[in-house]
Each structure stands twice: as structure tokens, then as C-alpha cells.
Amino acid sequence: MTEETLFDRAICGEASEADWAQLNDSAVADPAVWHRLALGLRDNGRLVQAMAEVGDAAEAVELVRPSANRRRWIGAAGWLAAAALALAWVGMPSPPPIADAEVPPEAAAAELVGELPSVLMETRELPDGGGVEVTYLRRLIERRTTAAVFEHAEDELGEPIVVPADLTQHLPQEL
């Protein structure tokens, strides 16, 4: 099993006794293993704290009730945003290059579909008294067309691979 996979399990609190034993064996050969694991744990702690702060800021914002027409695509966008955040949080490694994969120029341009209400993150008065600096999050909804969609996975040895995506798992679900 790769060191990266062991680190992921340890950082997520999912490491077994065998995983810890393998990490310890690796550290006997390379003492820097513990240092790299500590850096990963520190980064995870910072990410958890940042997400908590963003969540607190989001909870403080009063939402405008969307119309029935907008409710459907806002719900779908929420699921997609949650999936994107989960993929980013897991910190998947870069996939190996896909041979003969070319992106047609028309697939590179995104169509702006809409924009969700902005989220106020921070305000502060400028030091010279000349105004207020406002930091906010703009949430855009874009659409792209592509011939195929791929996602990250692991092979039987725990190595990262790229596989065709099962799009039915990513469809919005209505309650």
C-alpha cells in the first residue's frame, strides 16, 4: 500500500492497526515519514477549521426563498457543489495522463447559466477611512459540453487511476 494511501487513512481516522504498523515500518527506514504525516494532520486541521468558519458565515446569511422554478436547479447545484467540495477535501492526487486525450476547443468554453446569491465573508474599514473593504463569495453556475467524463478511483493495489464516470451517481436527487 502506498504511503499516500496510509496517510489518507490516518488523517481521516480510518487507519487500522496493520496500517499503523506499516507506517511505523516505513518510519524505521525513513524517519521523515512521521514529519510528513504531521504536516498532513496539520493541513487537515486547518481545512476543518476553515470549513467551520465558512459554515458559520453561511449560517449567518439570511437566504431569500427561491421561486418554484429556481428551487429545482438550486437543489441540483447544491448537490454538485457538495460533491466538488468532497472531492477537493479528499485531496486526490493528480491522475496519470490519459493517452490520446484531446479537448476540443469548443469544450473549453463554459456557458454561464446563472449565479447563486453572493455570500458575505468579511467587511473591514480601510485604514485611511476612505471606505469599506467587502469580501464576498460569488457562486457561478456554468455548463460545459464534453464527449466523455472521467473520475478518480483506485485499482486493486490502491494506486490512483482514472476511469469513466458513472453519471447516474451524479444526477440530482429529488426528495
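Bear in mind these aren't lab numbers, they're just calculated from the coordinates by the rules spelled out. None of these values were measured; they are calculated from a predicted model. Positions of Cβ are generated from backbone atoms using ideal geometry, with glycine treated the same way; all protein chains shown enter the neighbour counts.
Note on T146, T5: ascending count of other Cβ atoms within 10 Å places them as T146, T5, the fewest first. For E59 and V28, the difference between the fully extended length at 0.36 nm per residue and the C-alpha to C-alpha distance is 6.5 nm.
Treat the count of other C-beta atoms within 10 Å as a stand-in for reagent exposure and order D43, D56, D8 from fewest to most.
On the way: D43 12, D56 9, D8 20.
So the residues, fewest neighbours to most, are D56, D43, D8.
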